[in-house]
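Novice: Starting off with a structure, shown below.
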Amino acid sequence: MIPGAASGTRERRSSRVPLMVSAQTLVLCGLLAVVAVFLFWPAAEIVHLSLSPWLTTENFSRIFSTPGYPAVVLNTFMIAGLVTVVTLVIGFPLAYYIWNRRSVARILCFILLLVPLLTGVLVKNIVWTVLLGNNGIINRILLDLDVISQPLQILFTRTAVVIAMTHYLLPIMVVPIYASLSRIDRSLLLAARSLGAGRFGTLRLVTLPLVMPGIVTGGIIVFVLTLGFYITPSMLGGRQGQIIPNLIYTYIRRLADLHFAAALSLLLAVVVIGLMPFVLRYVRSSHSVGGIK
Amino acid sequence: MTCRRIFTSHEIVLPALALVAAVFAAAYMPSSSAASDSASGQQLIVAAFGGAYGKAEQEAYFKPFTKATGIEVRVLPAQPSLAQIKLQVQSNNVLWDIAELGPWDTYNGCRDELLTPVDYQLVRKSDLAPEAGTRCGIIASLYTEGIGYKKSMFKTPPTWQDFFDVKKYPGKRAMEKYLQDGTLEAAVVGTGVPLDQIYPLDVEKAIAAMSSLGSDLILVDSLAQASQLLQSGSVVMIQTAIGRILPLESQGYAISLVGQRGPSFFTIPKGARNTTVAQKFLAFITSCKECTATMERMTAYGGPNKDGIQLVSEERRKLLPYDPEVQKNTWAPNLEWWGENAEAAQEAFQRFQVTGH
């Protein structure tokens with residue numbers, strides 16, 4: 001992790017690189033060819049579709065000129081943003097808690113965290129319908145306890161979508177944060193404490209900057225995955241579950257309008273790719289703020 | 001950890017090779033085998049929907065066809081759509097001899113020449129039930145829709161006007177997002193428009209009616225979800241199809257048959273490898289009374305033969321879309337109208353979902 005050490009490794013390696021290079025290059029070229037054929041080509045095809053017929057931008061302007069569609073775009077990013085924030089707010093303390101357990105407890109925590117990932121998303125959605133419905137378990141308990149007098153409308157709202165997606169994506173946020181935490185040299189924390197920082201001060205000034213890369217990585221993955229969710233908003237969101245993936249589905253499946261569907265897909269991709277440099281730059285700068293590189 | 005470190009060593013070689021192999025395997029797997037079998041002419045490849053409905057199709061159409069002609073039918077539960085056919089036709093690689101499509105897809109596919117017209121020299125028009133045949137499709141089924149409800153809560157079967165009257169019947173109700181099942185038509189009927197004046201459909205009027213229900217209207221993704229809401233008591237009425245309510249009859253649920261008569265068509269994609277056999281299949285199911293009767297017995301959905309209905313029980317006949325009483329209370333979708341206006345209607349409906357009006 002110290003610059004000098006890293007470059008030292010490089011120098012030592014260079015003596016036996018030549019033989020390796022050919023094998024590596026071969027494999028890399030093979031992989032690149034696969035990526036080119038199965039990723040770039042279809043992507044180019046989508047760009048082509050979205051601009052046709054005749055290199056028009058009409059498909060894109062249509063997204064923003066059709067009444068209601070800008071709201072769908074907004075809703076998409078709002079749900080993605082909300083889910084990212086909520087998974088972070090729950091995920092960071094959770095990762096922090098796991099990090100501070102002893103080994104057995106830690107393994108148990110990880111099993112509890114990861115087992116839900118093995119359940120299909122459809123099963124989870126159906127369970128949420130049962131839990132959140134007007135006659136569902138949560139509403140009935142609250143009614144019986146006289147907390148509420150009318151059942152809460154949770155199912156078929158944006159809240160239900162955010163709850164279900166957060167539940168699904170939480171492990172994906174926790175794992176990278178935990179990975180960052182586990183790389184922290186605990187003596188740094190002791191040093192901070194001995195220099196007079198309180199528990200909270202240590203967390204804020206030392207731990208948090210050091211796990212920033214994990215937080216950002218988790219955030220990006222969760223955000224991007226959220227943008228691709230289709231079934232959950234559709235099943236649990238009712239009218240508030242309208243997001244770009246549903247629109248894409250409608251245009252492909254119901255209306256067979258591949259051009260507009262391609263334009264919508266491209267919009268999603270462009271926003272995500274456009275966000276990356278900013279986020280990555282932030283990671284780099286926050287990394288050096290931590291003082292250790 | 002430096003970048004170089006990640007890419008050295010044999011660690012990466014094996015997974016990489018595995019990936020390459022997997023990709024090639026995936027690329028070679030499904031389509032080519034289906035295509036070569038089909039070319040031999042002894043097999044009919046049908047893309048349909050599967051499930052309990054698929055089982056009924058198997059018994060009603062595919063098994064009898066194989067028995068009569070010796071031609072094997074291979075059913076792919078492919079959830080076929082016009083978009084898929086469009087891609088297959090454009091890439092000159094049509095995988096299906098018969099594809100089951102909804103009414104919009106059938107009409108639009110015919111208009112855009114992605115489907116082969118039915119050969120009415122072979123298919124006897126005189127055998128067809130009403131609404132059972134169009135230029136490019138013969139129905140696999142014609143299903144009656146309506147309002148699902150709990151019997152004990154209603155003195156008389158509800159109408160669409162009741163559906164949109166929250167004062168008379170308080171509580172939430174569920175409708176489908178899937179416009180092909182007649183969601184907008186039902187809303188217009190709910191405002192009092194007579195059945196023969198539904199078209200040209202006033203989309204804004206339909207949306208205003210749905211909007212007036214406010215949060216009492218729940219839009220669901222599938223009929224299964226609607227049934228679930230009804231059973232859990234979350235809603236008092238649902239827009240649904242007869243096939244969904246019959247299994248719940250013993251639990252005290254019923255359907256008021258006042259909705260759309262929704263067709264699902266067997267179609268032949270343009271450039272299908274076995275067009276001749278496909279036409280033969282359409283001719284066979286049209287002329288086979290027992291086939292239609294089997295479909296009607298198993299699902300309460302109508303089949304293509306007009307006389308099949310005579311082979312089913314009196315009780316079942318009353319539920320079929322060909323029954324005079326049912327005909328009077330239900331409507332057939334106007335596919336010409338939808339062919340022209342589907343995109344605009346869908347956009348308006350999308351707007352309603354997002355903005356609430």
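Novice: Against the condition more than 25 Å from A:PRO233 (Cβ to Cβ) and of a type outside the set (A, V, I, L, M), how does A:TYR168 come out, does it pass?
Specialist: no
Novice: Still on this structure: Restricting to region A:197-231, what's the tally of residues that are assigned to a helix (DSSP H, G or I), more than 18 Å from A:LEU74 (Cβ to Cβ) and not aliphatic (A, V, I, L, M)?
Specialist: 12
Novice: Residue under question is A:ASN139, and the condition is that it be among the polar types (S, T, N, Q), within 23 Å of A:ARG158 (Cβ to Cβ) and touching a Pro at 6+ places or on another chain (Cβ under 8 Å); does it hold?
Specialist: For A:ASN139, the condition - among the polar types (S, T, N, Q), within 23 Å of A:ARG158 (Cβ to Cβ) and touching a Pro at 6+ places or on another chain (Cβ under 8 Å) - is met.
Novice: Tell me, which residue of region A:111-159 that is more than 11 Å from every other protein chain (Cβ to nearest Cβ), among the β-branched types (Val, Ile, Thr) and outside any helix (DSSP H, G or I) is surrounded by the most Cβ atoms within 10 Å (Cβ to Cβ)?
Specialist: Out of the qualifying residues, it is A:ILE154.
Novice: Which fully enclosed strands (runs of 3 or more DSSP E) of region B:32-134 have 2 or more residues being surrounded by fewer than 22 Cβ atoms within 10 Å (Cβ to Cβ)?
Specialist: Counting at least 2 such residues, we get B:72-77.
Novice: Okay, next question. Name the single residue, out of those in region A:72-110 being open to solvent by 70 Å² or more (accessible area, probe 1.4 Å) and within 14 Å of chain B (Cβ to nearest Cβ), that is farthest from A:ARG199 (Cα to Cα).
Specialist: Among them, the one singled out is A:LEU74.
Novice: Is it the case, given these coordinates, that A:ARG62 is modelled with pLDDT under 90, surrounded by 15 or more Cβ atoms within 10 Å (Cβ to Cβ) and assigned to a helix (DSSP H, G or I)?
Specialist: yes
Novice: Among B:VAL193, B:VAL189, B:VAL166, B:VAL220, which is the only one that is within 14 Å of chain A (Cβ to nearest Cβ), touching a helix residue (DSSP H, G or I) at 6+ places or on another chain (Cβ under 9 Å) and of a type outside the set (Phe, Trp, Tyr)?
Specialist: Unique residue meeting the criteria: B:VAL220.
Novice: While we're here: Within region A:26-71, which residues are facing chain B (nearest Cβ under 10 Å) and over 25 Å from the mean Cα position of the chain (by Cα)?
Specialist: Scanning region A:26-71 gives A:LEU26, A:VAL27, A:LEU28, A:GLY30, A:LEU31, A:ALA33, A:VAL34, A:VAL37, A:ARG62, A:THR66, A:PRO67, A:GLY68.
Novice: Going through B:VAL354, B:VAL277 one at a time, which residue ends up being open to solvent by 10 Å² or more (accessible area, probe 1.4 Å), touching a Ser or Thr at 6+ places or on another chain (Cβ under 9 Å) and hydrophobic (A, V, I, L, M, F, W, C)?
Specialist: Answer to the selection: B:VAL277.
Novice: When the residues of region A:232-245 are narrowed to those that are assigned to a helix (DSSP H, G or I), in contact (Cβ under 8 Å) with a residue 24 or more places away in the chain and open to solvent by less than 10 Å² (accessible area, probe 1.4 Å), which ends up farthest from A:TRP128 (Cα to Cα)?
Specialist: Going through the qualifying residues, I end up with A:ILE244.
Novice: Further question on the same structure: Are there any pairs with C-beta distances below 7 angstrom linking a residue in region B:338-353 that is at the interface with chain A (Cβ under 8 Å from one of its Cβ atoms) and of a type outside the set (A, V, I, L, M, F, W, C) to a residue that is surrounded by fewer than 20 Cβ atoms within 10 Å (Cβ to Cβ) and in a helix (DSSP H, G or I), with the two at least 6 apart or on different chains, and if so which?
Specialist: B:GLN353/A:ARG239
The values are calculated or read from the model by the stated rules, or taken from the named source; none is laboratory data. Since the model is a prediction, treat every value here as computed from it, not as a measurement. Cβ: placed from backbone, ideal geometry, glycine included. Neighbour counts: every protein chain shown. SASA here: full protein model, heavy atoms, side chains in, ligands and nucleic acids out. Shrake-Rupley method; radii C 1.70, N 1.55, O 1.52, S 1.80 Å.
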